[in-house]
Each structure stands twice: as C-alpha cells, then as structure tokens.
1. Summarise the accessible area of region 335-466 (1.4 Å probe, protein heavy atoms) by the percent that is carbon and sulfur.
2. For the chain, would you read off the P(r) tail past 34 Å as a percentage of all alpha carbon pairs?
3. Round to a whole number: what % of the accessible area of region 218-331 belongs to carbon and sulfur, probe 1.4 Å?
4. Could you tell me what percent of the accessible area of region 36-110 is made up of carbon and sulfur, with a 1.4 Å probe and every protein chain present?
5. For region 304-311, take each phi angle, set θ = phi - 60°, evaluate the Karplus expression 6.51 cos²θ - 1.76 cosθ + 1.60, and give the result in whole Hz per residue in order, putting x for glycine and proline.
6. Identify the GluC sites (Glu not before Pro) of region 220-292 meeting these criteria: DSSP loop state and at most 16 other C-beta atoms within 10 Å of the C-beta.
7. Lys and Arg at +1, Asp and Glu at -1: add these up for the other residues within a Cβ distance under 15 Å of G259 and post the number.
8. Can you give me the angle between helix 360-384 and the longest principal axis of the chain, using Cα atoms only, in degrees from 0 to 90, rounded to the nearest 10?
Amino acid sequence: MATRLEKDTMGVVEVPEGAYYGAQTQRAVANFPISGLKPHHALVRSTVRIKKCAAQANMATGRLDAEVGGAIVRATDEVLSGALADQFVVDPFQAGAGTSHNMNVNEVLANRAAEMLGGKQGDYSRVNPNDHVNMAQSTNDVFPTAMRLAALELAEQTMTELAALSAAFEQKGKEFDGILKSGRTHLQDAVPIRLGQEFAAYGKAIGNNRAGIERALPALRELGIGGTAVGTGLNAEEAFIDLIVQGLARETGQELNRGGNLVERMQNMDPFVALSSALKGTALNLIRIANDLRLLSSGPRTGLGEINLPAMQPGSSIMPGKVNPVMPEVTTMVCFQVVGVDLTIAMAAQAGQLELNVMMPVIAFNTLFSLEILKNVVHQFATLCVAGISANEERCRNYLDQSVGLATVLAPSIGYAAAAEVAKESARTGKSIRQVILESGILTEAELDQVLAPFPLTTPGVHGKD
C-alpha cells in the first residue's frame, strides 16, 4: 500500500496515500484493532455538526479566518451529505475520553478543507486539525456533546417505532375486543378476559415505556460544549459558547441549552444512565410480551393456539412444515442484549474520576448500539408480527368453556358452594363447566349465555346479581 509520511508531536507516521485522516488517526488504528467495528454514523454526524458550528462561532467572534472557516464549513457539509464516510475508522473501543475519534474527525475535515483551498493531504500549514478545526474545543467537551446529540437523534427514532408498535397492539385490541377467553394466572386457569383486553394492555405498556424514554431526554439537551478541558471554559470565549449552542440547536432541530455547570457536564454521565435504564425497562416489557405471544400461538396442535402469528420462514431443516415464531424470538434476543448493555453503561458511568469520565467511548458505543438495535427490531416486530396476528376464536371459546375459572363467574348467580360443586364435578368427569351446568339444570342455556356475555363479564361489577 502506498503511503505518505506525516509528523505529529510524537514523530513520523506512515499514513495510507489518499486517506483524509492523518497521523493521530493512524496511530489509533494501529493501537486499537479491538472489535473490527467503526464509529456509529450518528456519532460521526454529531461530531461533524459540532465542528461546523464551532467554525461558524469562531468566525463570528473574529478568532478564525473567514477563508479557513468557510472551507471547514464546506467540508462538514460534504460529510453531512454522505461523503467520506469510509474515512472515520477508529474502533469504538479506543483511548479514554474519545480523543482518537475527535482527532479522526478533525484530520478528515482539515485535509478536505485544505484541498478546497488548493492544498494537499497531509499539509496542515493552511488548515490545521488542532489549531483550526478544534479551535476553542477539547475532546472532553466535544465527545460528550456528540454523544448527547447522537443519542437524541436515535432516541427520537426509537420512540417513533415504539409509538407504532403501541398503536399496532391497540388496533389488535379493538379487533379482538369481542373474543372471550380464559384468563391465566400462575399459568393456571383464571377468570375470563377478552383477548382484546390482553392486546390493549400490551399497547398501553409499550406506550408507557415510550414515555419513560422521553422523560430521559431533557437532561441530554443540556450541553457542556465550551467547557473545553475540565469544564472551566479555558480558551473558549463566552460568546463562542452561546453561539455554538445556538448553532447546534439550529443544525439539529433540537431544543438545546447551555449546561448550567459545565464542570458537572464534564464529570457526570447520569443522563446516559437514565436513558439506558429506560431502554432496559422497555426491553424487559418487550421480552414479557414476546413470550406471551409465543405461548398464545404455541402449537399448532399441541399448544395453546389461541392466536396465529404470521408465517415468516420455514422453521426447521429437518421437520417439514414447521413454522416458528421468529419475530418474537429475535425481539427477545435483542432485548437481552439491551438489558446486558445497561450494566456496561452503569459500570462505565461510575468509573469517572475527578474532572472527566474517560470511559465515555464505551458509554457512547453501547447507548447508540442499544438504540439502534431496539429501533430496528421494534419496527420488524410491529410490521411483520403484530400487524398480522389473527385470533382462533373457537379455540378461545373452547378453553373458556373448560376452564375451572368459570366457577368464580357463576358464584354470584348460584352461590359459592354450588359453584364449587360444579368445579369439582368438571374436574372429576372432564366435562366442561358449561356442560355440567346445563346437564344439572342449574341454569338454562339462555341464562348461562347471559351470565357469560363477554363485555359485562370482563368489566367491573358483580355479574349475575340483580
């Protein structure tokens, strides 16, 4: 591979010819061949936006030459439009605080801006990664700000998908609202419930989880940019701080604010702990719901079989005709990952010392990874599974008729003792509760149908009592 020589403060480095990154990025590539992964596109995009708004703010204060600043802004616009995506190459598991990521972005933008001004790659005499692109900044305020902006972007996308999933469950709740079935507690027969009530409850739970994520976002909108190295704002004018926050608000469309205490913004990762906790709560609910769908659809002959999930692919390499609940399965696996990631974020958040949390790269990677995979799986779960669920109404009715839970329903009409005898007779003979009632003459068929009317039976009140 052809290379060019670049020099940084530690000496000379060979950089691939044609690369827009430079010596510090190349050192990081050599030092951290850890995961084989690249930085999340949202983190890159957010960092580039910070560089754009910093250049604009520094030009506005008169600190940055307009020609150089203008070239930097044009370079950022190119990257934001999708150019040079392959130039952001530092592994997410890297040196503490994210210095390598920050310098990767600085070098790419400096080299592209220099080209625009007639220079060549590796010559930083006209546009310097540190002096110009990183002006009035430090990795220590850039990286946590980029983390916040990227998390806000992905969190909003995740919430959109959760809202769609909640609506899909609520729609099924309406569709199945007249289907009466046996409830189950402890996985044993319980009093009746409508299938629609089960699905509407799933929709409500997901809606609550979405709201929990939303409650975690305001703290992420309080930025520490301008705090520079330790939050004191050294080498960043007051005007610059206000201008860059205003610029980022315009650039992102977010309601962003300057953090009230920039030192605290540098030290404290609580906003990411709160967001991760909300994602974990969402994941736990999704696991529960996905497992319910697997139980309710189990069979087709030897399981519950109360609902049908859309058939997505063959389920076995050896058993012909087998179809598995693949969308609930993948949803559950993703959610296990999100739950596990939460511990990593918690451990990294408590590992900061004094004026800086150097574990920010692993917090950034795991926060964005959780948001990304959760967003994607929720979309698939809603569109390829929940939206296509159908009910086996006859199976639901048959289970209800056989359920000893009906004895509870009958108690107000025929008395506790008589209802208990009906339940014991049903258990002894294997006959359904309905059959025992009708054969005994305790109630007529018309009276029994009235007692078992779906809506009065599954709403508050003492059914069967005048």
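1. Numbers: 3720 of 6530 Å².
So the carbon and sulfur contribution to the accessible surface is 57 percent.
2. On the way: 53842 of 108345 pairs.
For the chain, the share of Cα pairs beyond 34 Å comes to 50 percent.
3. On the way: 2870 of 5410 Å².
Taking all protein chains in place, region 218-331 shows 53 percent carbon and sulfur surface.
4. Numbers: 1260 of 2400 Å².
The C+S portion of the solvent-accessible surface of region 36-110 is 52 percent.
5. Karplus-based 3J(HN,Hα) across region 304-311 equals 5, x, 7, 10, 10, 8, x, 7 Hz.
6. Numbers: sites: E222, E237, E238, E251, E255, E264; in loops: E237, E255.
When the GluC sites (Glu not before Pro) of region 220-292 are filtered for loop state and at most 16 Cβ neighbours within 10 Å, E237, E255 remain.
7. Values: positive: R148, R221, R258, R265; negative: D141, E222, E238, D242, E255, E264, D270, E355.
Spelling it out: positives minus negatives among the neighbours equals -4.
8. 40 degrees
The values are calculated or read from the model by the stated rules, or taken from the named source; none is laboratory data. Because the structure is a prediction, the values reported are computed rather than measured. Methodologically, a virtual Cβ is constructed for each residue, glycine included, from the backbone with ideal geometry; neighbour enumeration extends over all protein chains shown. For accessibility, only protein heavy atoms count, side chains too; no ligands or nucleic acids. Shrake-Rupley method; radii C 1.70, N 1.55, O 1.52, S 1.80 Å.
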